[in-house]
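Colleague: One structure, as structure tokens, below. Some questions next.
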Amino acid sequence: MSHLDLQSLHSTLNQAMHKAAESLNTLLRTSVDVSAPDIQLVQADELERLETLLQQQQAMVHLGFSSMVSGTSVLAFQTDSATRLVKQLAHAPSMNPDEPMIRTAVLTEVGNILLSAVLGDMANQWQRHLLYTCVPTYVEDRLAHVLQQDLNDPHAQIILAHTHLHAPELDINGLLLLLCHPFEAT
Amino acid sequence: MPNILVIDDSWFQRASIRSILEELGYHILEAENGRIGLLMAVKHEPDCVLLDVLMPEMDGITTLRKIREQELSMPIIMVTADTQDTTKQQCLQLGAQQVLHKPIDPDGDLLPTVVQQALAR
């Protein structure tokens, strides 16, 4: 990818990640800060060596997509942030936020909304239609492990973009991450 | 009061919509995917359907098409996280009355207003 391609992608992702932050703001009814996206070109087998962030246990939702690029999008929270998020949203009398089923349902839907906001905005900017390759899926795992599941070739070059979401009043920290295979375009 | 069928694979989302609309007196039916939703639409002929797009077993686009193939003409409002312009166009072409994007603000009046408008057609 050229420098111009990366600049263009940065601009696209910046707008798309802000859409996700707006959605989280609507859900939580509190201000949500979003960092500028960090974009790296890496080889698949480098994922394990990336930031310590990628190695930690996370509560995460992932959603695969395919279009002019294909890849995986992930919304990840540290376990304690995920717990605070669920407690904030599962406030109806019929919802016990400590029940695993409620936790999974809430986090899956939050992931669905935020990841779809990112991918939908990217598709609209590109004027292309993205196909979702699965329904959003919730897992508790190491982020690097989840990302590597979609990578068959350890030497494949991939784009890894991520941004941090932070709701300071609720002490909720999240990570939005996109892994794209730019050279497998269909 | 009117019957409203909510088809969404997210239990959390169905519960949220139920809580908003039951407070206004609507009777809510629920289906967790398009296949079950289609059966319920045929059996109960609800006054309005709220339909998600991305679902397992049968997605919302297919469900919308199949409901219309059954010559059921109740208003169908898509309630989806998919914000793609292309998805919206496709839903409207297939006969959806409106496309709402998640998240739905539980204290906002968007969903109640859109449902009221749909029922008043």
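Colleague: Between the range B:1-64 and the range A:11-73, what is the separation of their alpha carbon centroids in Å?
Modeller: 30 Å
Colleague: Contact order normalised by length for the range A:3-180, with contacts defined as Cα pairs under 8 Å and 6 or more residues apart; what percent is it?
Modeller: 38 percent
Colleague: Round to a whole angstrom and tell me the spacing of the C-alpha centers of the range B:87-121 and the range B:65-86.
Modeller: Computed from Cα coordinates, the inter-centre distance equals 10 Å.
Colleague: Moving on. Under 11 Å from a label point 7 Å along Cα→Cβ of A:Asp33: give me every residue in the range A:151-178 with its amide N that close.
Modeller: A:165-169
Colleague: So, one more: For A:Leu41 and A:Thr79, what does the FRET efficiency come to when R0 = 22 Å and r is the distance between their Cβ atoms, rounded to the nearest 0.05?
Modeller: After rounding to 0.05, the efficiency reads 0.15.
Colleague: Could you grab the Rg to Rh ratio for the protein assembly as shown? Cα atoms only, Kirkwood for Rh.
Modeller: Using only Cα positions, Rg/Rh for the protein assembly as shown is 0.98.
Colleague: Given the -39500 (n - 2.57) contribution per DSSP H run of 4+ residues, what per-residue ellipticity at 222 nm results for the protein assembly as shown, rounded to the nearest 500 deg cm²/dmol? Walk me through the intermediate numbers first.
Modeller: Numbers: 9 runs with 122 residues, N = 307.
Only helices count here, giving -12500 deg cm²/dmol.
Colleague: Based only on other Cβ atoms within 10 Å, what is the fewest-to-most ordering of A:Ser2, A:Ser73, A:Ser23? Could the numbers behind the result be given before it?
Modeller: Values: A:Ser2 7, A:Ser73 27, A:Ser23 23.
So the ranking, lowest neighbour count to highest, is A:Ser2, A:Ser23, A:Ser73.
Colleague: Mean-square fluctuation check for chain A, GNM, Cα pairs under 10 Å: which of A:Leu28, A:Leu13, A:Leu114 is largest?
Modeller: A:Leu28
Colleague: Also: Provide the gained length on full extension for the span B:Gln89 to B:Leu24, in nm with one decimal, where the gain is 0.36 nm per separating residue minus the Cα-Cα distance.
Modeller: 20.4 nm
Colleague: Here's something else I'd like to know. Taking the number of other C-beta atoms within 10 Å as the exposure measure, put A:His181, A:His145 in order starting with the fewest.
Modeller: A:His145, A:His181
Colleague: Return the percentage of antiparallel bridges among DSSP beta bridges fully within the protein assembly as shown, rounded to the nearest 5 %.
Modeller: About 70 percent, rounded to the nearest 5.
Colleague: What list of ³J(HN,Hα) couplings, whole Hz, do you get for the range B:35-49 from phi and the Karplus terms 6.51, -1.76, 1.60, once you set θ to phi - 60° and write x for glycine and proline?
Modeller: So the J values, rounded to whole Hz, are 4, 5, x, 4, 4, 5, 5, 5, 6, 9, 6, x, 6, 7, 10.
Colleague: Let me ask something else. Looking at chain A as a GNM with Cα springs under 10 Å, which of A:Leu170, A:Leu107, A:Leu50 has the largest mean-square fluctuation?
Modeller: Top of the fluctuation ranking is A:Leu50.
Colleague: Label A:Asp5 and A:Ser67 with points 7 Å out from Cα along Cα→Cβ: what is the distance between them in nm?
Modeller: 1.8 nm
Colleague: Read phi for every residue in the range A:143-152 and hand back ³J(HN,Hα) as whole Hz from Karplus 6.51 cos²θ - 1.76 cosθ + 1.60, θ = phi - 60°, with x for Gly and Pro.
Modeller: 4, 4, 5, 5, 5, 6, 4, 8, 10, 7
Colleague: Please identify the DSSP H helices in chain A that span no less than 27 Å along the helix axis (Cα) and have a mean Kyte-Doolittle hydropathy of -1.0 or more. It would help to have the intermediate numbers written out before the result.
Modeller: Numbers: long enough: A:3-28 (37 Å, -0.17); A:100-126 (38 Å, 0.69).
Answer set is A:3-28, A:100-126.
Colleague: Then there is this: Order these by the 10 Å Cβ neighbour count, fewest first: B:Met40, A:Met95.
Modeller: On the way: B:Met40 18, A:Met95 21.
Ascending number of Cβ neighbours within 10 Å: B:Met40, A:Met95.
Where a number appears in this text, it was derived from the coordinates with a stated rule and is not lab data. Keep in mind that this is a model prediction, so the values were computed, not measured. Don't worry about glycine lacking a Cβ; one is built from the backbone with ideal geometry, like all the others, and counts go over all protein chains shown.
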